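The values are calculated or read from the model by the stated rules, or taken from the named source; none is laboratory data. If you're wondering where the values come from, they're calculated on a predicted model, not measured in any experiment. Note: ideal-geometry Cβ built from the backbone for every residue, glycine included; neighbour counts use all protein chains shown.
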């Protein structure tokens, strides 16, 4: 199971930290994206998964990369396992842009499968209609990156892997509609 109080603490921290940040695809407050990712993770809840780890990482998955919270702060508030999971979900800005996702996927493969589920759920959620200002090339690259995520992490959960493939097929129709 997952702890609703811990979820609320994580959501409060995420909402405060992300502040007025908006989802670039739909303009909604960013916290909507975080709750959608958590909902995707909750859809696959089972007794053999540490859902508390998965749900907490889902809500906090972008907080280091996009909101300036440190891994040390996460560890103090939510423990080493959550901090390590969020760190693996965070792209290393010191690397060249083209190497960041591959590096993150390598680090995610060393994490418990509950953390890997978060990356699958994140990309499922992000494969809604792309931002209107993305070019066809950007949309194609994003779709190809989704394929690399599926290849690297798909074995973590067959249901989420299948859902990602379904979203990729739907997204394919939007690739040629770029700005």
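Take the residues of the range 20-48 that are in contact with a strand residue (DSSP E or B) (Cβ under 9 Å, 6 or more places away or on another chain) and surrounded by 13 or more Cβ atoms within 10 Å (Cβ to Cβ): which is modelled with the lowest pLDDT?
Among them, the one singled out is 23.
Got at least one residue in the range 77-87 being at pLDDT 95 or above and within 15 Å of residue 146 (Cα to Cα)?
no
Residue check: is residue 22 under 16 Å from residue 73 (Cα atoms) and over 15 Å from the mean Cα position of the chain (by Cα)?
Answer is no for this residue.
Criterion first (under 30 Å from residue 9 (Cα atoms), surrounded by fewer than 18 Cβ atoms within 10 Å (Cβ to Cβ) and out of contact with any strand residue (DSSP E or B) (no Cβ under 9 Å at 6 or more places or on another chain)) does residue 77 satisfy it?
Yes, satisfied.
Could you please find all residues in the range 113-160 being part of a loop (DSSP other than H, G, I, E, B) and within 18 Å of residue 43 (Cβ to Cβ)?
127, 128, 157 - these are the residues of the range 113-160 that are part of a loop (DSSP other than H, G, I, E, B) and within 18 Å of residue 43 (Cβ to Cβ).
Do we find that residue 108 is closer than 17 Å to residue 71 by Cα, assigned to a helix (DSSP H, G or I) and in contact with a helix residue (DSSP H, G or I) (Cβ under 9 Å, 6 or more places away or on another chain) in this structure?
Against the criterion (closer than 17 Å to residue 71 by Cα, assigned to a helix (DSSP H, G or I) and in contact with a helix residue (DSSP H, G or I) (Cβ under 9 Å, 6 or more places away or on another chain)), residue 108 qualifies.
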